[in-house]
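None of the figures in this text is laboratory data; all of them are computed from the coordinates on show. The model shown is predicted, which means the values in this text are computed figures rather than measured ones. Please note: Cβ atoms are built from the backbone with ideal geometry, for glycine as well, and neighbour counts cover all protein chains shown.
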Amino acid sequence: MKEIVVISGKGGTGKTSISASFAYLERENSVIADCDVDAANMHLLLKPQAIEASDFFSGVKAKIDPALCINCGVCEEVCRFDAVFFKNATYSVKQLNCEGCGYCDKVCPTKAIAMVEQNVGKFFISKSRFGNYLIHARLAIGAENSGKLVAKVKNEAKKIAKEKGIAFVIVDGAPGIGCPVLSSLTGANYVVLVTEATIAGFHDLKRVVELVKKFRLKAGAIINKHDLNKEVTNEIRNFLEKEKIDFISKIPYNTAFTDAIVNERTIVEFNQNEISDLLKTSWEKIKFNVKEKENL
Ligand code: SF4
Ligand code: SF4
């Protein structure tokens, strides 16, 4: 089983549209992990049917039992985050301020404080309308710990692929370079960097290349909207060569990306011309690169 992670330094590069097209092209031979849990949208294109849905718990917050509390105020004194407050003759915890450090719980003389696990989202195992498994999640509004949820999504995808003898796990990673991206990169066999020919796109590509190098991962890049700025495209190509990142393909600006989304289809289903062909050859090249790098 090979794990291919698709990431981009910034949003709006077409990363999810490209990942969804790869999901369509590989169909039953791939498990899809939507690791963009903060703004998951792969399901909009793959229209999955849920097989399993469960709550995701992560992190703890303090909760005071008024029946046991003797109003000594010690918890308020020790809390460094101003999470404990006194109102209407009762001590309570502002959930948004609580960092779950547990200090108040340790010092409470009557054991009136419990550290309660937080339900921070939903986790789904589904089948896409093409027949591949889609593992996805929805982080609750304002919830943290998305790195842990990403790890859970990825591990479940890998487990299913191993159990069912499925050749590929295709991971749609989160944009940026934060904790969820680090979590999506762990254990990858190959990373596909989707960038665009803009100054911002190039700047963010440099940051993700740094990350990939730190993890010592093999990677290749797709330059989307390459005709927006030919000078930047050339600079990106030179940079890729210098950094020993495979050049996979360059895709011209095309409204097929938005048209396909509006019609709730992947690009390769919706657009049967140049863009679709480019994505097909890109996927074949990625699979070839994964195999080739294996022997290095
Ligand atoms: S430390 Fe315990 S008993 Fe004292 S105010 Fe806080 S919750 Fe109540
Ligand atoms: S767990 Fe820590 S942050 Fe939360 S209320 Fe207690 S002391 Fe404050």
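May I ask you to derive the relative contact order of the chain, considering only C-alpha pairs under 8 Å and at least 6 residues apart, and to give it as an integer percent?
Details: 612 pairs, mean separation 78.4, N = 296.
Once normalised by length, the contact order is 26 percent.
Tell me the net charge near residue 51. Cut-off is 12 Å between Cβ atoms, residue 51 excluded, with +1 for each Lys or Arg and -1 for each Asp or Glu.
Details: positive: 127; negative: 52, 156.
Taking every Cβ under 12 Å from that of residue 51, the sum is -1.
How large is the charge dipole for the chain, taken about the Cα centre, if only the Cβ atoms of Lys, Arg (+1) and Asp, Glu (-1) carry charge, to the nearest 20 debye?
Working: 41 positive and 36 negative charges, 117 e Å.
Using Cβ point charges on Lys, Arg, Asp and Glu, the chain gives about 560 debye.
Shape of the chain from its Cα gyration tensor (a ≥ b ≥ c, root eigenvalues): rounded if a/c is under 1.5, otherwise prolate when a/b > b/c, or oblate? Could you put the intermediate results ahead of the total?
Details: a/c = 2.49, a/b = 2.04, b/c = 1.22.
It is prolate, given that a/c is not under 1.5 and a/b is the larger ratio.
Whole-Hz ³J(HN,Hα) for each residue in the range 247-252, computed from phi via Karplus 6.51 cos²θ - 1.76 cosθ + 1.60 with θ = phi - 60°, x for glycine and proline: what do you get?
After applying 6.51 cos²θ - 1.76 cosθ + 1.60, I find 8, 8, 6, 10, 10, x Hz.
Helix 15-26 versus the longest principal axis of the chain: what is the Cα-based angle in degrees, 0 to 90, to the nearest 10?
60 degrees
With unit charges on the beta carbon (Lys/Arg positive, Asp/Glu negative), name the residue among 66, 135, 83 whose Cα is farthest towards the positive pole of the charge dipole of the chain.
Positive-most Cα among the choices belongs to 135.
Quick check: the distance between the Cα centres of the range 88-103 and the range 128-151, to the nearest angstrom?
The range 88-103 and the range 128-151 have Cα centres separated by 29 Å.
Cross-link list 15/250; 230/250; 10/285; 15/127; 122/152: which exceed 18 angstrom alpha carbon to alpha carbon? Provide the component values of the computation, followed by the final result.
Working: 15/250 13 Å; 230/250 11 Å; 10/285 23 Å; 15/127 21 Å; 122/152 11 Å.
The answer is 10/285; 15/127.
Residue-wise, which Karplus ³J(HN,Hα) couplings in Hz belong to the range 76-85, taking 6.51 cos²θ - 1.76 cosθ + 1.60, θ = phi - 60°, and x for glycine or proline?
Whole-Hz 3J(HN,Hα) from phi for the range 76-85: 5, 5, 7, 5, 7, 10, 6, 8, 9, 9.
Please give the calculated 222 nm ellipticity per residue for the chain, where each DSSP H segment of at least 4 residues contributes -39500 (n - 2.57) and the sum is spread over every residue; nearest 500 deg cm²/dmol?
Working: 11 runs with 114 residues, N = 296.
Rounded to the nearest 500, the figure is -11500 deg cm²/dmol.
Going by C-beta contacts inside 10 Å, put 168, 124, 86 in order with the fewest on the left.
Values: 168 23, 124 20, 86 12.
The most exposed by this proxy come first: 86, 124, 168.
Where does each of 265, 216, 129 land when they are ranked from fewest to most other beta-carbon atoms within 10 angstrom? List each step's numbers first, then the result.
On the way: 265 18, 216 6, 129 14.
Ranked by crowding around the Cβ, least crowded first: 216, 129, 265.
Output the 0 to 90 degree angle, nearest 10, between the alpha-carbon long axis of helix 146-164 and the longest principal axis computed from the alpha carbons of the chain.
60 degrees
Which of the cysteines in the chain are isolated, no other cysteine C-beta under 4.7 Å?
Within the chain, the cysteines lacking a partner Cβ under 4.7 Å are 35, 69, 72, 79, 98, 101, 108, 179.
Provide the net charge surrounding residue 92, with neighbours chosen by a C-beta distance below 14 Å and charges set as Lys +1, Arg +1, Asp -1, Glu -1.
Details: positive: 61, 63, 87, 94; negative: 65, 76, 82.
Net of charged neighbours comes to +1.
Measure out, as a whole number of angstrom, how far apart the alpha-carbon centroids of the range 243-296 and the range 21-72 sit.
27 Å
How charged is the neighbourhood of residue 61? Take every other residue with its Cβ under 9 Å from the Cβ of residue 61, and add Lys/Arg as +1 and Asp/Glu as -1.
Values: positive: 63; negative: 99, 117.
With Lys, Arg at +1 and Asp, Glu at -1, the neighbours total -1.
Rank the residues 214, 15 as a footprinting-exposure proxy: fewest other Cβ atoms within 10 Å of their Cβ go first. Intermediate results must be reported in sequence, preceding the final value.
Working: 214 10, 15 26.
Ascending number of Cβ neighbours within 10 Å: 214, 15.
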